[in-house]
Structure formats: C-alpha cells, structure tokens
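First comes the structure, then the notes that go with it.
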Amino acid sequence: MSDDTILETKALTKEFKGFVAVDHVDLKVKRGTIHALIGPNGAGKTTCFNLLTKFLAPTSGQILFKGQDITREAPAHIARRGIIRSFQISAVFPHLSVLENVRVALQRKLGTSFHFWRSESSLKPLDARVVELLRAVDLEEYAQTPTVELSYGRKRALEIATTLAMDPELMLLDEPTQGMGLEDVDRIRQLIKKVAADRTVLMVEHNMSVVASIADTITVLQRGATLAEGPYAEVSKNPAVIEAYMGTANVELKGAH
C-alpha cells in the first residue's frame, strides 16, 4: 500500500446463501480525498460499507487500513483506529439538546461514557470543544435546542458533528443527503467539503449533483462488482455506467455537470 492510500480492499467478497452481494471488489481510497461509492439500487454499496465497518464479516478478501490488515477486527477496534461511520437514518438522541448530543460523543472518545455517578458539572470542560464542533457544522446558535425540534437537514449536520467528535481519520458517510430538500442538500454538500479539508471521506450517495461537485474519485458498483472508477467527468461518460443508470438516473448523470 502506498503512503497516499489510507484504505484498500483486495478481492473483497460477501456471499449470502449463494447470492454474491459484493464480488471481488478492489478499492483504493487516497488520503485527504472525498471518495464516492455509487451504483444502481442493489449494487452492493451498503453491504460494502458494512464490510468496511465490520458490521458484516467478509466471505473472502482483505481490508487494509494504513497498510495494516483489519479484516478480522471487531467494530469497536475499527472505531478506535479512527474509522467512524454515520448512518443512512439520522442517529441522534432526540430529547437531548444539540450541545448534549455532541458532549455524549466526546465522552465516548474520552472513555467516560459509563461514569454515571459523576455530576453534569464534571462534563463542563468538554463544552469548549463542543462549541468548536457546533461552529464547524453551523449549529452554534442551536446549542440549547432540543434535537427533536431541528429540521431533518440540521439533524444530519448534528450527526456529522457527533462523528467529528470521535476524531475520525476516515469518515464513512452513508447517504448523507437522503430525503432532503434542495436547501438542506446544499448545506450538507458544503459541510462535507468543509470537514474533508483535513481528513478522508468515503461516502455512499445517490444524489449525482452532490457526487459531481465534491467527489475527487468515484467508484461505480453494479451487481456487487466494480463497473468503473475515476473522476466524475470520466466516469459519467463511460458507456457501461450510462447503461447501468437507465431512465431517470441516466438523466441525472448527464445533468449533474
């Protein structure tokens, strides 16, 4: 593995009772880039994500992080290495304030999550870092707002803040703009670009305009296998990719420049 490759898979494969969901995928994610994993529904994107974060064990193949084989490591070990994932469905505590949500994530990083006997005042030293993180995702003015009152787009921004609180070296974002209106999509697009300035991002994303505008490299999966890889301008003109994205998705591919 070269120094600029932070994550690599070699012939990564996952079978479910004879069905091959991920089929000998070779993936190389370069350090300091935004790498998008795209493909039609059922292409194997989320399964691939689950293999990388160890929610699923591969049938065969290897996963390397910074040159070290992590194929058989547990999810908690992967997280401690700095591979942190956000989920397709917003995963925040709805009845805690925005500030409290980020503080919980910082507690996990400090290893004090289970110190139930400590008073809330003992967590005050974390608040300066919480404010920094909220500022980074444009949520500082919502610090005391109950999370349940946030718009969907701002909840996703909060989730990115809690992911950042874990100090990730590699952020894995699963459909970060799914279900959003145009204004929220643009906010999250800008936010991903901002947080990727000093870390690596691997994302699954359906919105081609988002992928076209921020991804450095795109890997296209179809039926669990790699169909194409490269910058958007190159991949979007690939006849095999256009064929895979028939109908409305094909229009999206052409219209996202």
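The values are calculated or read from the model by the stated rules, or taken from the named source; none is laboratory data. As the structure is a computational prediction, the values presented were derived from the model and not from experiment. When we count neighbours, we look across all protein chains shown, and the Cβ atoms used for this are built from the backbone with ideal geometry, even at glycine.
For the range 154-191, give me each residue that is within 20 Å of Ala143 (Cβ to Cβ) and among the hydrophobic types (A, V, I, L, M, F, W, C).
Ala157, Leu158, Ile160, Ala161, Leu164, Ala165, Met166, Ile188, Leu191
Does Leu12 satisfy the criteria of being touching a His at 6+ places or on another chain (Cβ under 8 Å) and either in the same structural domain as Leu221 (by TED's automatic domain parsing) or not hydroxyl-bearing (Ser, Thr, Tyr) (or both)?
yes
Do you know which residues across the range 160-176 are surrounded by fewer than 22 Cβ atoms within 10 Å (Cβ to Cβ) and touching a Ser or Thr at 6+ places or on another chain (Cβ under 8 Å)?
Glu169, Asp174
Which pairs do you get when a residue that is in the same structural domain as Thr33 (by TED's automatic domain parsing), found in the range 230-244, comes within reach of a residue that is modelled with pLDDT under 90 and not in a helix (DSSP H, G or I), reach meaning Cβ atoms under 6 angstrom, with the pair 6+ apart or on two chains?
Ala244/Pro40
Is there a residue in the range 33-46 that is in contact with a Ser or Thr (Cβ under 6 Å, 6 or more places away or on another chain), surrounded by 18 or more Cβ atoms within 10 Å (Cβ to Cβ) and under 28 Å from Val210 (Cα atoms)?
So far as the range 33-46 goes, yes, one or more of its residues are in contact with a Ser or Thr (Cβ under 6 Å, 6 or more places away or on another chain), surrounded by 18 or more Cβ atoms within 10 Å (Cβ to Cβ) and under 28 Å from Val210 (Cα atoms).
Could you tell me whether the range 47-57 includes any residue that is touching a residue at least 60 places away in the same chain (Cβ under 8 Å) and hydroxyl-bearing (Ser, Thr, Tyr)?
Residues of the range 47-57 that are touching a residue at least 60 places away in the same chain (Cβ under 8 Å), as a first pass: 47-49, 52-53.
From the residues that got through so far, the ones that are hydroxyl-bearing (Ser, Thr, Tyr) too are 47, 53.
Scanning the range 47-57, I find at least one residue that is touching a residue at least 60 places away in the same chain (Cβ under 8 Å) and hydroxyl-bearing (Ser, Thr, Tyr), so the answer is yes.
Quick check on my filter: what residues within the range 181-190 are hydrophobic (A, V, I, L, M, F, W, C) and surrounded by fewer than 20 Cβ atoms within 10 Å (Cβ to Cβ)?
Once the filter is applied, which keeps residues that are hydrophobic (A, V, I, L, M, F, W, C) and surrounded by fewer than 20 Cβ atoms within 10 Å (Cβ to Cβ), the range 181-190 yields Leu182, Val185.
To keep it simple, each residue is scored yes or no on (1) within 30 Å of Val20 (Cα to Cα); (2) in contact (Cβ under 8 Å) with a residue 60 or more places away in the chain; (3) in contact with a Cys (Cβ under 6 Å, 6 or more places away or on another chain).
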position	(1), (2), (3)
Val148	no, no, no
Ala157	no, no, no
Asp174	yes, yes, no
Thr177	yes, no, no
Arg199	no, yes, no
Ile214	no, yes, no
Thr217	yes, yes, no
Thr226	yes, yes, no
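Using the structure shown, decide if Ser151 is polar (S, T, N, Q), surrounded by fewer than 21 Cβ atoms within 10 Å (Cβ to Cβ), more than 24 Å from His77 (Cα to Cα) and at pLDDT below 90.
Against the criterion (polar (S, T, N, Q), surrounded by fewer than 21 Cβ atoms within 10 Å (Cβ to Cβ), more than 24 Å from His77 (Cα to Cα) and at pLDDT below 90), Ser151 does not qualify.
Residues in the range 193-200: is at least one within 29 Å of Leu126 (Cα to Cα) and at pLDDT 95 or above?
yes
Take the residues in the range 124-148 that are more than 21 Å from the chain's Cα centre (by Cα) and assigned to a loop (DSSP other than H, G, I, E, B), then tell me which one is surrounded by the fewest Cβ atoms within 10 Å (Cβ to Cβ).
Gln144
If I filter the range 8-23 down to residues being at positive phi and not basic (Lys, Arg), which single residue comes out as surrounded by the most Cβ atoms within 10 Å (Cβ to Cβ)?
Step by step, filter the range 8-23, then rank; the result is Ala11.
Could you tell me whether Leu106 is in contact with a Lys or Arg (Cβ under 8 Å, 6 or more places away or on another chain) and assigned by TED's automatic domain parsing to the domain that holds Val211? So that I can check it myself, show each step before the final result.
Working: in contact with a Lys or Arg (Cβ under 8 Å, 6 or more places away or on another chain): yes; assigned by TED's automatic domain parsing to the domain that holds Val211: no.
Criteria not met by Leu106.
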